[in-house]
Every structure is written in C-alpha cells, then in structure tokens.
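*Asks:* If you scroll down you'll find the structure; I have some questions about it.
The values are calculated or read from the model by the stated rules, or taken from the named source; none is laboratory data. Just so it is clear, the model here is predicted, and its values are computed rather than measured. Please note: Cβ atoms are built from the backbone with ideal geometry, for glycine as well, and neighbour counts cover all protein chains shown.
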C-alpha cells in the first residue's frame, strides 16, 4: 500500500521545487512516486496510508561516503603506555592493534552498533571499509548480516594490505571475492561491494596488481585511503619515486568506480588526475582534525573539478555533525571566510555523495522526486525564521546540523526508525550485548602486543 508523508516542510533537494511547505511525499513500494503540496497530493492520493509530520523537516536520507563500522566497540577503549604522537603511532597502537583483536562476533556486533548510530543520525547508506586480520573469512558476511538486520544499505569491502604478510593479503583478496559472489547472488538492493585497499604505504605492487585483476574480473572499483598522512606521501616518493595519486593512477587503481578517502597530502597535478579519471574523493574533516594529519584542500579540489563527497571515517556516524565541521574547517584553515562557501559545502554532502551512490548501486537516491529510491528521513524543526529556497543551506547548518534529532527513517520504502524507535531490531538488547562484548574485546586488546 502506498504511504503519503505529509504536513511537514519538504526539502526535496530537487532543483525544480527545493522547498515545499507544507509538502508531501508519496511512496509506493520501494520508490517515490510523487512529491508536491500537501493539499494537492491529499486529493490525488486520498486512499494512501497517511503519516502526518507537522513541525518536521522531510528530506532525503544521508549517504556516508567512507566509514569503519568495525571501530564501534572502541569508544572509550583504554590505551596503555604513552599516548601516540603521530598518525602512524595511532594506527599501530590503536587501530591496527584493534583490528587484529577482532573476532567474528566482535565484527557482527560492532557493525550492528555502527548501523544503529548511522540510522539515528539520518544515514540510509554507508560505504564501509573493514579489517579484521585474524577473522578474515566470512567477516564481510557478518557486516552484511548486521546492516541487513537493521535495514541499512551498505557498500562493503575488505581492506587488503601487506602489513601482516603475504598470507594475510591473499586472505583479504579472497574475502573481497567471496563477498562479490554473495551480494551478486542475493541481488539485494541493500548490498554492494568494492575491492578494499588500505593505503599506498602498506600495499606493494604485486598485491596491488592482483587486486586490480580482481576488479577487472568483477567490473567494480576500489575503496582506498589516499595520502591521509604525509607518511603515505613520503613512503611513495621513497619507494616508487612518485606521489601517491600518480602511483595509483599508473597502477590502474583510479577511475569512476573508485572511492578515494582523504586526499590530505595531494598537489594540484594529483587533483587533475582525480578529476580526469573521474575518481570520487571523500573528505573526512573530523577524523583528519582528530588525527592531526592536516586539512585537505577541498576548495582547490572543487576548483579543479574533483567530485568531493563527505564521510565520517568511523569518527561516529553523524553526517550532519560532519557537515557542520566541513562548513567551518576550511575557513579556519585558510583564514578566509569565503574559502568554502555554504552552498559548496552542502553540495558535497547532499549532491555529490548521491552521484557515487548511483554509480555503485545502479539506481538513484538523494532527492525527493518521482523515481528516486524511497530513502528519506524526518527531523523535528520549527524554524524561528522563514525557511525558503534562498536560505535553505543556512537553516541546514545553523539549525538542523546544530542539534540533529532524527525522528523517522525510511529505507527502501520501509520504516526503520519510527517516532524515534527502531522497527527492525531491539536497540536496547543490542546495546546491552555490545557493552558485554566490548569488555571481552577490551580484555583481549589489553593483552595484545
């Protein structure tokens, strides 16, 4: 039966009618069939199930361009010894140590927790990058099981790296291939796959070549960290006498199906390579700030035609909070209030991420318009000033992103969150189970060298 969501302020993100107040959206099965004024659609679709959301914003679901669900149980994890003083030490003392500690049960539960956080923040799709070197086989199936149970769309990959030896790299490639078979066999609109690579400085040419052949076999792209820290650049120059993006381009890694995360330490020539190859670059400002790796020159990337999206890199799953930082970080970094204009920041999240979604999933999402996937969210918001087309982005930054509180989430035409309560899983039971599992994980982590 069709559902008509009505009486809210509808932010369609469609150029023809960006704001409808009061507006309505009609969903039939898995797609949007109509968007218009509340009064008009009430007449045209009077026999629909009606969901009235007065005092709320209705907008497309958000897409997280790069995250790590496996880090969900690391919140508050105790670190022994001296605090890490560099990005590489952060990897060695926390993240690489954590991923080597993970067992399949940790993988599943951490993905459940991350999926809950994503949905609560208004995210309807995540592009996840996974690693669990001592629990490789079947790990992506566990992540997929968790996201499917919650009702979240996910594009998954396993991180291929040489840092744990040739055997680990081979197992990682096999896990990527195993998941390729799974999601294609299931033909699920909730799952897609890419081939994961860690970063240039942990993947040698032979492993990268094998990964490239795997991509060619399955006609997919890569999901890889690119020049996140200056160490990645220094390593590439030392070993290959090339900057990171140039090396990846020469190895056949870049292209319109590839997702490159970070790009903090790239120059203008590398930006041109990303643009010309149509590679999608995902910016993660909060993580970059937290790891003190620098600030990606997103304003210059946009000038040079790079398609830049937004991700959280596992620094939580809140994309509206990430957007709020994005909108301000580049002004502070360049000491220029016009460094990144608000409409540009909004486009990165709301227009660019859906571009890569459609490339990967094969159907459109990210706008409230007929034919788009029925992925939408509603948020309580009673604007203290008029909300109109010309000030939409200001309300997004200074209103919605300042205190995001998502009330309803629909994914693929099904309510996943309804009036603040999950409809698909028992949130309280999952969180209780996660706290118990985290204690076990932390104990093993503490014993890990």
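*Asks:* Before we move on, is residue 305 touching a residue at least 12 places away in the same chain (Cβ under 8 Å) and at positive phi?
*Replies:* On the way: touching a residue at least 12 places away in the same chain (Cβ under 8 Å): yes; at positive phi: yes.
So residue 305 fits the description; yes.
*Asks:* Quick one: how many residues across the range 149-167 are farther than 25 Å from residue 226 by Cβ and touching a helix residue (DSSP H, G or I) at 6+ places or on another chain (Cβ under 9 Å)? Full working, then the answer.
*Replies:* Residues of the range 149-167 that are farther than 25 Å from residue 226 by Cβ, as a first pass: 149-152, 167.
Among the residues that remain, those that are also touching a helix residue (DSSP H, G or I) at 6+ places or on another chain (Cβ under 9 Å) are: 149-152.
Qualifying residue count, the range 149-167: 4.
*Asks:* Return the residues of the range 104-132 that are over 20 Å from the mean Cα position of the chain (by Cα) and free of Cβ contacts under 8 Å to residues at least 40 places away in the same chain; say none if nothing qualifies. Please lay out each step first, then the result.
*Replies:* Going residue by residue through the range 104-132, those that are over 20 Å from the mean Cα position of the chain (by Cα) are 104-106.
Result: 104, single match.
*Asks:* Pairs only if they're at least six apart or on different chains, beta carbon under 8 angstrom, first in the range 249-267 and not assigned by TED's automatic domain parsing to the domain that holds residue 280, second crowded, with 24+ Cβ neighbours inside 10 Å and modelled with pLDDT of 95 or more; list them, first residue then second.
*Replies:* none
*Asks:* Taking helices (runs of 4 or more DSSP H) that fall entirely within the range 263-337, which contain at least 2 residues that are modelled with pLDDT of 95 or more, touching a helix residue (DSSP H, G or I) at 6+ places or on another chain (Cβ under 9 Å) and over 17 Å from residue 352 (Cα atoms)? Can you show your working first?
*Replies:* Working: elements: 268-277, 285-290, 298-303, 319-334.
In the range 263-337, 268-277, 285-290, 319-334 are the helices (runs of 4 or more DSSP H) which contain 2 or more residues that are modelled with pLDDT of 95 or more, touching a helix residue (DSSP H, G or I) at 6+ places or on another chain (Cβ under 9 Å) and over 17 Å from residue 352 (Cα atoms).
*Asks:* What's the number of the only condition in (1) more than 18 Å from the chain's Cα centre (by Cα); (2) crowded, with 17+ Cβ neighbours inside 10 Å; (3) in contact (Cβ under 8 Å) with a residue 12 or more places away in the chain; (4) not assigned by TED's automatic domain parsing to the domain that holds residue 411 that residue 53 fails to meet?
*Replies:* Failing condition for residue 53: (4).
*Asks:* A further question on this structure: Can we say residue 108 is assigned by TED's automatic domain parsing to the domain that holds residue 220, surrounded by 17 or more Cβ atoms within 10 Å (Cβ to Cβ) and farther than 29 Å from residue 323 by Cβ? I'd like the intermediate steps shown before the answer.
*Replies:* Working: assigned by TED's automatic domain parsing to the domain that holds residue 220: yes; surrounded by 17 or more Cβ atoms within 10 Å (Cβ to Cβ): yes; farther than 29 Å from residue 323 by Cβ: yes.
Spelling it out, residue 108 is indeed assigned by TED's automatic domain parsing to the domain that holds residue 220, surrounded by 17 or more Cβ atoms within 10 Å (Cβ to Cβ) and farther than 29 Å from residue 323 by Cβ.
*Asks:* Still on this structure, I have one more. Please find, within the range 140-156, the residue that is surrounded by the fewest Cβ atoms within 10 Å (Cβ to Cβ) out of those that are within 12 Å of residue 182 (Cα to Cα) and touching a strand residue (DSSP E or B) at 6+ places or on another chain (Cβ under 6 Å).
*Replies:* 144
*Asks:* Kindly indicate whether residue 408 is closer than 25 Å to residue 364 by Cβ, surrounded by 12 or more Cβ atoms within 10 Å (Cβ to Cβ) and either more than 22 Å from the chain's Cα centre (by Cα) or modelled with pLDDT of 95 or more (or both).
*Replies:* On the way: closer than 25 Å to residue 364 by Cβ: yes; surrounded by 12 or more Cβ atoms within 10 Å (Cβ to Cβ): yes; either more than 22 Å from the chain's Cα centre (by Cα) or modelled with pLDDT of 95 or more (or both): yes.
Against the criterion (closer than 25 Å to residue 364 by Cβ, surrounded by 12 or more Cβ atoms within 10 Å (Cβ to Cβ) and either more than 22 Å from the chain's Cα centre (by Cα) or modelled with pLDDT of 95 or more (or both)), residue 408 qualifies.
*Asks:* Determine if the range 99-116 includes at least one residue that is assigned to a loop (DSSP other than H, G, I, E, B), at pLDDT 95 or above and closer than 22 Å to residue 80 by Cβ.
*Replies:* Taking the range 99-116 and keeping what is assigned to a loop (DSSP other than H, G, I, E, B), we get 102-103.
Next, only the ones that are at pLDDT 95 or above stay: 102-103.
Within this subset, residues satisfying the condition of being closer than 22 Å to residue 80 by Cβ are 102-103.
For the range 99-116, residues assigned to a loop (DSSP other than H, G, I, E, B), at pLDDT 95 or above and closer than 22 Å to residue 80 by Cβ: present.
*Asks:* Let me ask something else about it. Restricting the search to the range 411-423, which residues are crowded, with 18+ Cβ neighbours inside 10 Å and either within 20 Å of residue 23 (Cα to Cα) or more than 21 Å from the chain's Cα centre (by Cα) (or both)?
*Replies:* Of all residues in the range 411-423, those crowded, with 18+ Cβ neighbours inside 10 Å come to 411-412, 416-417, 422.
411, the sole residue that qualifies.
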